[in-house]
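Right, one structure below, let's go through it.
The values are calculated or read from the model by the stated rules, or taken from the named source; none is laboratory data. This is a predicted model, so every value here is computed, not measured. Every residue, glycine as well, gets a Cβ built from its backbone with ideal geometry; the counts of neighbours run over all protein chains shown. The protein model used for the area step is the full one, side chains on, heavy atoms only, and it has no ligands, DNA or RNA in it. Shrake-Rupley method; radii C 1.70, N 1.55, O 1.52, S 1.80 Å.
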Amino acid sequence: MISIHVQILLIILFWNSDCQIIPRIEECGLSCSQGIHCKSKPSSGIINSFCQDAPASLSSMVLKSMKISTVMKCVQGSPCSLHLNIKGTLSLDENIRGLEICSLSLDTQQSQCTNVRFARKKSKMLNGKKVQVQLNCIEVNVAQHIYVTMKTVPNYCEVKLSQEYYVEAGKFDYNVDRARKIISVNVSSFLRDQDYYVRLCHKWFTCEDAGAFAVIKGKESLKSVSLKYSQLLPCLCIEGWLAIPDARRIQLCPFAN
């Protein structure tokens, strides 16, 4: 019996088909470059929601950039959890005391905000210098649609960065047993208690059923299913999605070439 083992770690963003591996962290936290001392605390986001006119000396480009990615926090003995990894760059200014970073789930309308403050004396000494802030303590769920904002403290009008972000929709690997015509699919454990659907389909304009779909129970420790196929065709794909309404589906088509 000839068995071909192929393992691919697949993480697909809604708009991006590039393969990536989610970095793992043991602790979440806040860090600032350039030797700037900074500290964070949770914020309701209400106090800083109203903006004021910026001083004439303050450039609207004081916030330079914001990049968002996903990290996986894994502590021994506990389930892994997903967190946003947010990096922002700003130019220090005597009129700015800190930053407020907020995430709004467009699925549930729930928000999380963190207030980042800089040491006043040092920020004055480094006036005009660029500093990078990295925060990775905002917990998110698989396949969440997030709206992230970064504002100055105080909140100056027209000085804000915002970005929509889709948290990765799933991660799985597979084995192909050509002799038995079976594809075994394993779903990663970070899905926690959420059930997951997996099926084989033939991809044309849409992905048409190539057999019944299987359910992987989130509460079960073994997160794998075996799917039978009749023929290995270039259009044969593996499709997976969370057992939630309107869940985005990810597809892997390993036989396309």
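Rounded to the nearest whole angstrom, the semi-axes of the ellipsoid equivalent to the range 172-252, taken from the Cα gyration tensor as √(5λ), stand at 21, 16, 9, largest first.
On the accessible surface of the range 50-151, probed at 1.4 Å, how many percent belong to carbon and sulfur atoms? Roughly 47 percent, rounded to a whole number.
For the pair residue 235 and residue 145 in one chain, pulling the backbone fully straight at 0.36 nm per residue adds 29.5 nm over the alpha carbon distance. Extension gain for the segment residue 50 to residue 178, taken as residue separation times 0.36 nm less the Cα-Cα distance, is 39.9 nm to one decimal.
Site pair residue 163 and residue 69 shows an inter-label distance of 1.1 nm when each label is modelled 7 Å from Cα along Cα→Cβ. With the full set of protein chains in place, find how many percent of the accessible area of the range 172-252 is carbon and sulfur; take the probe as 1.4 Å. Exposed carbon and sulfur together represent 50 percent of the surface. In this structure, the residue pairs whose Cα-Cα separation is over 32 Å, taken from 39/219; 203/223; 67/228; 41/130; 41/64; 73/130, are 39/219; 67/228. Simple spin-label estimate for residue 76 and residue 251 gives 4.3 nm between the two label positions (7 Å along the Cα-to-Cβ direction from each Cα). Excluding ligands, DNA and RNA, the accessible surface per residue across the range 24-167 is 53 Å² with a 1.4 Å probe. Full extension of the chain segment joining residue 33 with residue 127 gains 32.4 nm, where the gain is 0.36 nm per residue of separation less the Cα-Cα distance.
Cβ-Cβ distance of residue 61 and residue 205, R₀ of 35 Å, FRET efficiency by 1/(1 + (r/R0)^6): the value works out to about 0.20. Rolling a 1.4 Å probe across the protein heavy atoms gives the range 172-252 an accessible surface of 55 Å² per residue. Counting only Cβ charges, +1 for Lys and Arg and -1 for Asp and Glu, the dipole size of the range 21-143 around its Cα centre is about 560 debye. When all alpha carbon pairs of the range 24-167 are counted in 10 Å bins from zero, the resulting P(r) reads 11, 42, 34, 11, 2, 0 %.
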